[in-house]
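Single-structure report; data block below.
What follows draws every value from the coordinates through simple rules; no lab data is involved. In this text, all values refer to a predicted model and were calculated from it rather than measured experimentally. Because the Cβ atoms are built from the backbone with ideal geometry, glycine has one as well, and the counts that use them run over all protein chains shown.
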Amino acid sequence: MTIPREPDVEAQGRPARPFPAVPAQPRLAEAARPGVVAPEPAFAEPHAAPPLGPRPSAHGKRFVAAGAPWIARGVSYGPFRPASDGAPFPETDLAMRDFAAIAEMGANLLRVYHVPPPRIVDAAAASGLRILVGIPWPQHVAFLDSRASQAAIRQAVARGVRRFRGHPGIFGWAIGNEVPPATVRWYGRRRVERFLDGLVRTAHDADPDGLVTYANFPTTEYLDPSEVDFLTLNVYLHDDEAFRRYLARLLNVAGERPLLIGELGFDSIREGERHQAQRLSRQLRLALDAGAAGVVAYAWTDEWYTGGAEITDWSFGLVARDRRPKAAYRAVQQVFRWPAPAAGQASPRISVVICAYNAGTTIEACLASLRALHYPDFEVIVVNDGSTDATGPIADAVAAADWRFRVIHQPNLGLSAARNVGLEAATGEIVAYTDADCIVDPDWLTHLARTFVRTGAAAVGGLNIPEVGGSRVAACIAAAPGWPTHVLVDDEVAEHIPGCNMAFRRDVLRAIGGFDVTYRAAGDDVDVCWKLLDRGHVIRFTSAGFVWHVARRSVRAYLRQQRGYGRAEGMLFPRHTHRFNGWRNPRWAGVIYHRGSPRLTWGREWVYHGPFGTAPYQLLYGGPPGGMGHVVGTVEWQAASLFLVAMGAVTSGPLLALGLAGLALAAGRAVRFAWRATLPRGADGWVSRALVAWLAYVQPVVRGSASYREIAAAIDRAERAQRGGGPAGESAAAGFRRRWAFWSESGLERTRLLEACLADLARHEIPATLPGPCDRRDLVVFWGPWVTLSVRTLEESHGGPKRLHRVEVAARPSSLGLATLALLAVAVLAGAVEGSVAGWALPLSLLAAAGTALASRVEQAARGLGRLVGATARRLGSMPIP
């Protein structure tokens, strides 16, 4: 994607953006009218409220006013030649005529680049228009070199905001507009972000109820002031498909905040008025349909005065200088008068499935939000999974009042079984799932359906925004790690979509067998996504189709949730072993999006600036998820650190120091996570940050230990299922290497035996995977957390269908087992260096005990796998022989 280049014009309100060089156009400006620049007016008292209603607020990815969605439909206005009062705005009579015409067009927002005088704000409010006020300051100079310059900028922001504190005609405040990329590169993005965040706080202090933003553009897209209420991006792209793809990226960059396209326009001198209208209409519609919370067409009029001169070689206006409507005016009017996303001609029938168990406190709000959906063709199926509270009666009452709702009552069978019941009852081409503690956006299904129709994907998911309800604890829990979220391969393709916001083509979901009923509470969504990907299907993502998800209200509930997720990971491991790393954690190909901290890594982040910092699109990149920052937070790391502390307390100081250093690294990771977390203004503070840090510290321990317990339990169940010794014909191989032979007269192929063994391992929930294509092994089996086994086979042909299969099982301690022995050996050496008997005797005895136990476990694993292979071979008609 490229961005056009424009003339080098110094603009106070709107910074210069490079456009392609074109032949100079004749100047059309009228004779200059001298203007007198008036001093900054004194602070004004709050104005009487015009009949505009309450000011909009940011709620998720939308603006909301009086409890209803408020879509910003705006035009930029000015700057103009100074009027008689010195303000860069027209005289009041002309401004009022402009505002009446803008309101007639269907707009509800003006974007201005200077703090307007009260006459302009009042005139706009009288026409039903709110104003996004830009506060100019010298951002094209080295503004961070001087404390006095920084103080003056903060004072200018505070003075401008206080001037209209609480005025209902003010939509919000833009505390900056396109800081030049060279300036950001000079100071570094972190320093500029901190300064901009300080300006946001200044504006919030001056007008606590006002919305505050920073107007960015693609060349500094990586700038992310974390305290802005909504994201504003000025975007100029001529290619519609490139614009659509970039919108998807911006919606992801905005996260849980509304996205306002702050400038979008085309020059009628270069494009022609007809093409200007067509392009502007298409891209405004694309932005609104994609899920942007608002758009601002640039600009109202061709009249543009900046840098002390009238600019006449641009014509971005919807009207000419003499206010003659251009074709663009009518085109924008058609978009603004119907701004809500439309389902389009293709509106496939959608069945929404809600699985509820004891959801009496939340299901009423959930069903009410579903009744308010804008989608034209949908049904809602509530599966009451054995609830003992008021869930069933509440759902029945809604179904009695609305024919689109059905309720199915059943005994408690678990989440996956309930989802399958909803799938079988669905009549829609698409089956969408959300949870009983979610509130859906009115356009949720519209955005999901549009993505299905446009892409042909097998599944589509959307954003999951936590609803904290004003609770400080819930806000901290929502900011802590472990929140159910999406994993994206790019801005539109997902590897995982959360269970509270996922939709599937009904036939595709049935073809893979629906949901695995062994997942009773969690993990089924991951399992289904990975099954779809393994079969070559594509999963799409749209952040515009979002739902609100009630966050846990207590730490106990949060930890219980994380234990459930850990058990689910332990169940997923044997079924999708190739998707896990050596630490038995999911190995995602995409990026895990998390509130305020998308990557749990200590890796370096960098910005692509291009040669001499001239790249038109400068993006932020980072290291892959995981790395050292992940390892130091695992349960294994913390257990090893605690062991070293215990040994150091008994034996030597170096071990104590090493263990304390390990715990300090884990604590530092948690503190860093909490420092970068995003918390609501009302819930932020040192106490909240400390709670987030503690949750970030204990969460991997709780989740990881639950995963290990689940894996160990699966192995124990498999061992109990295999009775007796190993199969007959076991060789007397030395060490932990065992061999068996199996005779078949039915033409059994070696590959069929291996595939059957792999299926039986999966049935017993024993993790196994295929090694790399250059490996001599046929299978790698993970027998619990302590043992890894390798399987090799050899097939002998003895004429006709007669086959002899030789199977070798080699067992060894896993990486975790070897690390445990190495840790004990380090403790022995440290004690020996210290010189006291007590210093090395205790760790030596522990080393001997652990080594003996591990050796016994390795031998048991080899025999256990041999029993399982023997049972598989007998089932296929092959008999063990000496």
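Normalised by the residues of the chain, what does the relative contact order come to in percent, with Cα pairs under 8 Å and at least six apart?
RCO, the chain: 8 percent.
Beta bridges per DSSP, both residues in the stretch 296-449: antiparallel share near 15 percent.
How long are the three semi-axes of the equivalent ellipsoid for the chain, computed from the Cα gyration tensor as the root of 5 times each eigenvalue, in whole Å, largest first?
60, 32, 26
Extent along the principal axes, Cα only, for the stretch 464-507: 42, 23, 15 Å, with the longest axis given first. Fully extending the segment from Arg806 to Gln333 would add 162.5 nm, taking 0.36 nm per residue of separation and subtracting the current Cα-Cα distance.
If you take every DSSP beta bridge whose two residues both sit in the chain, what share of them, in percent to the nearest 5, is antiparallel?
Values: 58 of 114 bridges.
Among the beta bridges of the chain, antiparallel pairing accounts for roughly 50 percent.
Over all alpha-carbon pairs of the stretch 154-294, lay out the pair-distance distribution in 10 Å bins, whole %, shortest bin first. Each 10 Å bin holds this share of Cα pairs: 11, 36, 32, 18, 2. Dipole of the chain computed with +1 at Lys/Arg Cβ and -1 at Asp/Glu Cβ about the Cα centre; of Gly134, Gly307, Pro258, farthest Cα towards the positive end is Pro258. Between the listed residues Ala459, Leu868, His204, the Cα displaced farthest toward the positive end of the dipole of the chain, a dipole computed from Cβ unit charges relative to the Cα centre, is found at Leu868.
Calculated on C-alpha atoms, the gyration radius of the stretch 334-425 divided by its Kirkwood radius gives an Rg/Rh of 1.07.
Express in % the proportion of alpha carbon pairs of the stretch 294-336 at distances exceeding 16 Å. List each step's numbers first, then the result.
Values: 336 of 903 pairs.
Roughly 37 percent, rounded to a whole number.
Once the Cα-Cα distance is subtracted from the 0.36 nm per residue extended length, the Glu104 to Arg321 segment shows a gain of 76.3 nm.
Listed by chain and number, the aspartates and glutamates whose C-alpha is less than 13 Å from the C-alpha of Lys802, apart from same-chain residues fewer than 8 away, are Glu745, Glu749.
Treating r as the C-beta distance of Ile881 and Arg709 and R0 as 30 Å, the FRET efficiency rounds to 0.15.
Spin-label model, Ala848 to Asp93: label points 7 Å out along the Cα-to-beta-carbon direction sit 10.6 nm apart. For the stretch 257-300 versus the stretch 412-490, the inter-centroid distance based on Cα atoms is 31 Å. Extending 7 Å from Cα along the Cβ direction at Arg454 and again at Ala762 yields two label points whose distance is 3.5 nm. Only one residue of Pro771, Gly784, Thr751 has its Cα farthest out toward the positive end of the dipole of the stretch 740-882, where Lys and Arg carry +1 and Asp and Glu -1 on Cβ, and that residue is Thr751. Each label point was placed 7 Å from the Cα along the Cα-to-Cβ direction; for Val517 and Ser797 their separation is 4.5 nm.
Take the Cα atoms of the stretch 48-204, build their convex hull, and give its volume per residue in Å³. Walk me through the intermediate numbers first.
On the way: hull volume 20.5 nm³, N = 157.
Looking at the stretch 48-204, the number lands at 130 Å³ per residue.
Once the Cα-Cα distance is subtracted from the 0.36 nm per residue extended length, the Ser856 to Ala400 segment shows a gain of 157.8 nm. Placing +1 on the Cβ of every Lys and Arg and -1 on the Cβ of every Asp and Glu, with no other charges, gives the stretch 175-319 a dipole of roughly 540 debye about its Cα centre.
Go ahead and run the numbers for FRET between Asp239 and Val493, Cβ-Cβ distance against an R0 of 22 Å, rounding to 0.05.
Working: r = 20 Å, r/R0 = 0.92.
Given R0 = 22 Å and the Cβ-Cβ separation, E is 0.60.
Could you calculate the FRET efficiency of Leu829 with Arg752 from 1/(1 + (r/R0)^6), where r is the beta carbon distance between them and R0 is 41 Å, rounded to 0.05? The partial results should precede the final answer.
Details: r = 50 Å, r/R0 = 1.23.
Efficiency at R0 = 41 Å is approximately 0.25.
Only helices reaching 27 angstrom along their own axis (Cα) with mean Kyte-Doolittle hydropathy no lower than 0.0 count here, and for the DSSP H runs of the chain these are 653-676, 686-721, 815-834, 837-875.
Relative to the Cα centre, the charge distribution of the chain, modelled as +1 at Lys and Arg Cβ and -1 at Asp and Glu Cβ, gives a dipole magnitude of about 1820 debye.
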